[in-house]
Amino acid sequence: MSAMRTLGWLTVSRPAARGRVAEHRIDLPQVLIATKSFWDDIGPDFVARMTAPTTAPIDVPQSNVVQLRPAAAPVRDGSLWSAVAEQLLQDHPATYTAWFAQLVQIDLQDGILILGARSGFVADYVQQHLVHRLTAAAVAQDPGIKLVQVRAHSA
């Protein structure tokens, strides 16, 4: 904080007083002036955004993001999981590619859909963070589903 105050990048907007801390603000114009010599290192699109007038549209090149692994369509084998997987691919393509495409149906019994993952890490992550999406998609396909469980399973 002291170094930023010395450079003039940080200003005190409300000094400290008894019972409260000081409030600081970043002096963005000062930061931009001090860092302008490094803008070319970031890239031409950044320079264009920083130097263009605020009212003029900026011509930014198309995205250079490379999709490393395209989403493979789920295998249509007539199982509940194939219908659920197809719905998940439509609704959440990135999440499907990263997590759901690795799952397989192990069992469906008494309203409990059990899915298998190739590793314990994938099973734990999906069970902890994404099971609500799986459950919603499964219930949409079969209203009799009460629970979806994901376990580590070797194929």
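The values are calculated or read from the model by the stated rules, or taken from the named source; none is laboratory data. Everything numeric in this text was worked out from a predicted model, so none of it was measured. Cβ coordinates were reconstructed from backbone atoms using ideal geometry, including for glycine residues, and neighbour counts include every protein chain displayed. Just the protein is used for accessible areas: all its heavy atoms, side chains included, with ligands, DNA and RNA removed. Shrake-Rupley method; radii C 1.70, N 1.55, O 1.52, S 1.80 Å.
Would you list the helices (runs of 4 or more DSSP H) that sit entirely within the range 84-155 and hold 2 or more residues that are of a type in the set (Lys, Arg) and open to solvent by less than 50 Å² (accessible area, probe 1.4 Å)?
Fully inside the range 84-155 and qualifying: nothing.
Which of the residues spanning the range 128-155 are in contact with a Lys or Arg (Cβ under 8 Å, 6 or more places away or on another chain) and not hydrophobic (A, V, I, L, M, F, W, C)? Correct list: 153, 154. Checking the stated criteria, residue 85 turns out not to satisfy the condition of being farther than 20 Å from residue 154 by Cβ and either small (Gly, Ala, Ser) or over 20 Å from the mean Cα position of the chain (by Cα) (or both).
A count restricted to the range 13-29 and to residues that are touching a residue at least 12 places away in the same chain (Cβ under 8 Å) and either surrounded by 10 or more Cβ atoms within 10 Å (Cβ to Cβ) or of a type in the set (Val, Ile, Thr) (or both) stands at 4.
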